[in-house]
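A.B. asks: What follows is a single structure, and I will ask about it in a moment.
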Amino acid sequence: MTNVSIIGLGQTDVKEHWQTSLRHLAWYAIEAALDNAHINKVDGIFVANMLAGPLSGQQHLGALIADFSGLRGVEAVTVEAADASGGAALRQAVMAVQSGLMETALVVGVEKMTDLVGSPVTSALALALDADYETVHGMTPAAVGALLMRRYMYEYGVQVADFAGFSVNAHANGAVNPLAMFRNKLRADRFASAPLVADPVTLFDAAPTGDGAAAVIVTNYERAQDMVPQPIRIAGSAIATDTLAIHDRKEMLWLAAAQKSAARAMAAAGVSHDDIDVLELHDAFTVLAALSLEAIGFAERGEGWKLARDGEIGRNGRIPISTFGGLKARGNPGGATGVYQIVEVARQLRGEAGDNQVSGATIGMAQCLGSAGATAVTHVLSK
Amino acid sequence: MEVSRHWRLNEQRYALIGETCDSCGTKLFPPRDVCLECEAPAKELYTFTGVGEIYSYTTVYEAPAGFAEYAPYTVALVKLEEGPVVTAQLTDVAKADLHIGMKVEMVTRKLRTDGSEGMIIYGYKFRPQLEMA
Ligand SMILES: [Zn+2]
């Protein structure tokens with residue numbers, strides 16, 4: 001159990017924010033989180049971002065965002081771990097507060113994906129892969145997802161349509177989340193015939209990239225009790241890594257880092273699978289949702305997809321996932337995604353999730369992955 | 001600069017030169033100097049035969065910069081006969097013939113044109129293994 005609690009949450013909607021700059025997006029989320037925590041200063045800022053360099057021509061976000069948010073002078077740095085940056089930044093904040101070096105820390109995930117369109121964006125996303133041995137051959141994150149999905153189908157005797165339940169669930173939840181990028185419901189029978197991104201991954205399988213920012217403020221447990229009516233405890237927090245390229249993994253269909261970080265975070269929190277009421281996982285591709293459920297331990301190897309088929313991942317199911325739409329429907333704002341997950345799980349535990357509420361949720365887990373699990377960050381939150 | 005970034009990989013790109021572990025004999029490609037199996041030093045060079053089979057494959061429709069002109073193209077994970085799996089494009093193969101387990105062999109082809117100077121990058125791709133006479 002860590003000695004760190006969440007006292008403030010903020011987020012923007014996820015969409016193509018044509019009119020809004022990177023710094024403004026970050027500020028909107030920070031402003032909301034400061035208001036939510038009833039404070040106006042923090043001891044440090046951890047910015048989660050993946051692609052501001054290649055897509056916006058902007059790095060050095062720590063100083064930029066501290067300055068623009070009226071928090072000049074404060075300690076502020078960027079944390080980058082591909083699309084696990086958000087979880088990784090929260091992990092740094094947890095360590096800072098747990099150690100006593102900071103009393104209050106702000107985590108803001110921000111991503112501006114839509115300043116460019118088409119192949120430059122695909123190239124930027126591919127920066128998370130191995131430049132010398134994957135990207136040079138034309139690999140993309142979607143192609144990595146596709147290679148895993150085809151192998152999964154081959155080894156476990158599964159069809160493309162068997163993955164539909166993940167996207168149908170995500171869109172059903174996104175449809176009632178006012179902040180989601182996609183609010184349309186998805187028909188399972190349309191899933192397999194959607195346009196291809198990288199065969200067999202289709203547009204209905206791959207999560208869309210979008211712009212957005214989310215922020216979380218943490219402080220020590222004792223202080224949190226006096227500051228806000230419903231502090232949320234960060235019960236467990238862990239990062240693990242795996243080989244950068246999937247081709248170097250002895251067991252390609254096993255997300256070793258996802259398993260390790262989940263096991264460490266759950267052990268620290270002292271919780272078992274039955275205790276977890278809500279799970280936000282990294283459904284950038286449906287096969288990653290299946291593999292994450294297997295690695296975390298909610299399904300046997302090769303059977304993660306069955307939880308989607310059997311309706312066990314719905315808000316009333318055994319293990320609700322993607323409760324605000326997940327990456328698939330809420331949208332995947334890269335380095336901000338891991339912070340969105342934390343905001344969403346915390347809202348579930350506060351009972352503030354509105355139409356997305358999982359009733360009676362008291363313990364939740366969030367896990368984000370950098371590319372196909374080269375980095376995995378897991379947090380367990382409790383009421 | 002871009003040229004040296006590619007030039008220093010010529011032995012891997014043109015000849016599939018990897019490494020072998022002094023302790024357990026595991027073959028490594030790409031070379032990484034530390035054995036994936038036992039973490040012992042693995043610096044002895046080893047030239048792979050370039051023969052293997054398809055472990056998985058995909059056809060890419062949404063291509064990154066530098067590849068858009070080739071899309072759709074097919075990328076595979078190829079399991080080399082010595083053990084390692086490499087990521088590479090497939091060439092000279094009909095999509096209908098593709099299958100997991102298909103025997104393939106390495107060939108050298110143009111990978112893409114790179115950067116503003118238009119440097120052409122060559123390297124390994126894999127094609128269906130030609131039948132022995
Ligand atoms: Zn060895």
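A.B. asks: Residue check: is residue A:220 away from chain B (no Cβ under 14 Å) and either modelled with pLDDT under 95 or under 24 Å from residue A:331 (Cα atoms) (or both)? First the steps, then the outcome.
C.D. replies: On the way: away from chain B (no Cβ under 14 Å): yes; either modelled with pLDDT under 95 or under 24 Å from residue A:331 (Cα atoms) (or both): no.
Judged against the criteria, residue A:220 is not a match.
A.B. asks: For the stretch B:52-69, which residues satisfy the criterion of being surrounded by fewer than 16 Cβ atoms within 10 Å (Cβ to Cβ) and more than 7 Å from chain A (Cβ to nearest Cβ)?
C.D. replies: Within the stretch B:52-69, just B:69 meets the criteria.
A.B. asks: One residue is enough: does the stretch A:155-164 have a residue meeting the conditions more than 14 Å from chain B (Cβ to nearest Cβ), under 21 Å from the mean Cα position of the chain (by Cα) and modelled with pLDDT of 95 or more? Give the derivation first.
C.D. replies: If we filter the stretch A:155-164 for residues that are more than 14 Å from chain B (Cβ to nearest Cβ), which is where we start, we get A:159, A:161-164.
Keeping just the survivors that are under 21 Å from the mean Cα position of the chain (by Cα) gives A:163-164.
Right, trim to modelled with pLDDT of 95 or more and you get A:163-164.
For the stretch A:155-164, residues more than 14 Å from chain B (Cβ to nearest Cβ), under 21 Å from the mean Cα position of the chain (by Cα) and modelled with pLDDT of 95 or more: present.
A.B. asks: State which residue is farthest from the chain's Cα centre (by Cα) when the search covers only the stretch B:6-31 and only residues that are charged (D, E, K, R) and more than 11 Å from the ligand (Cβ to nearest atom).
C.D. replies: Let us first name the residues in the stretch B:6-31 that are charged (D, E, K, R), namely B:8, B:11, B:13, B:19, B:22, B:27.
Keeping just the survivors that are more than 11 Å from the ligand (Cβ to nearest atom) gives B:8, B:11, B:13.
Details: B:8: 16, B:11: 12, B:13: 7 Å.
Ranking the candidates gives B:8 first.
A.B. asks: Report yes if some residue within the stretch B:80-102 is of a type outside the set (A, V, I, L, M), crowded, with 17+ Cβ neighbours inside 10 Å and more than 16 Å from the ligand (Cβ to nearest atom); otherwise report no. Explain how you work it out, then say what you get.
C.D. replies: Here is the first cut: in the stretch B:80-102, the residues of a type outside the set (A, V, I, L, M) are B:81-84, B:87, B:89, B:91-92, B:95, B:97, B:99, B:101.
Next, from what is left, pick out any that are crowded, with 17+ Cβ neighbours inside 10 Å: B:82, B:84, B:87, B:89.
Remaining after also requiring more than 16 Å from the ligand (Cβ to nearest atom): B:87, B:89.
Yes, the stretch B:80-102 contains a residue that is of a type outside the set (A, V, I, L, M), crowded, with 17+ Cβ neighbours inside 10 Å and more than 16 Å from the ligand (Cβ to nearest atom).
A.B. asks: Still on this structure: Could you tell me which numbered condition residue A:132 fails, if it satisfies all but one of (1) closer than 30 Å to residue B:55 by Cβ; (2) part of a strand (DSSP E or B)?
C.D. replies: With respect to (1) closer than 30 Å to residue B:55 by Cβ; (2) part of a strand (DSSP E or B), residue A:132 is out only on (2).
A.B. asks: Looking only at residues that are in contact (Cβ under 8 Å) with a residue 24 or more places away in the chain and hydroxyl-bearing (Ser, Thr, Tyr) in the stretch B:51-69, which one is nearest to the ligand (Cβ to nearest atom)? If you could, list the steps in order and put the result at the bottom.
C.D. replies: To start, the set of residues in the stretch B:51-69 that are in contact (Cβ under 8 Å) with a residue 24 or more places away in the chain comprises B:51-57, B:59, B:66-67.
From what is left, the residues that are hydroxyl-bearing (Ser, Thr, Tyr) are B:55-57, B:59.
Numbers: B:55: 21, B:56: 25, B:57: 29, B:59: 35 Å.
Checked the stretch B:51-69; the qualifying residue nearest to the ligand (Cβ to nearest atom) is B:55.
A.B. asks: Six or more apart or on different chains, Cβ atoms under 7 Å: show the pairs whose first residue is in the stretch B:38-50 and away from every other protein chain (no Cβ under 14 Å) and whose second is of a type in the set (S, T, N, Q) and within 16 Å of the ligand (Cβ to nearest atom).
C.D. replies: B:40/B:23; B:44/B:20; B:46/B:20
A.B. asks: Quick one: in the stretch B:70-79, of everything that is in contact with a strand residue (DSSP E or B) (Cβ under 6 Å, 6 or more places away or on another chain) and either more than 9 Å from chain A (Cβ to nearest Cβ) or touching a residue at least 24 places away in the same chain (Cβ under 8 Å) (or both), which residue is surrounded by the fewest Cβ atoms within 10 Å (Cβ to Cβ)?
C.D. replies: B:79
A.B. asks: Residues being surrounded by fewer than 13 Cβ atoms within 10 Å (Cβ to Cβ) and not in a loop (DSSP other than H, G, I, E, B): count how many of those fall in the stretch B:19-40.
C.D. replies: 1
The values are calculated or read from the model by the stated rules, or taken from the named source; none is laboratory data. Model, not experiment: these values are computed from the prediction. Neighbour counts run over all protein chains shown; Cβ positions are idealised from the backbone, glycine included.
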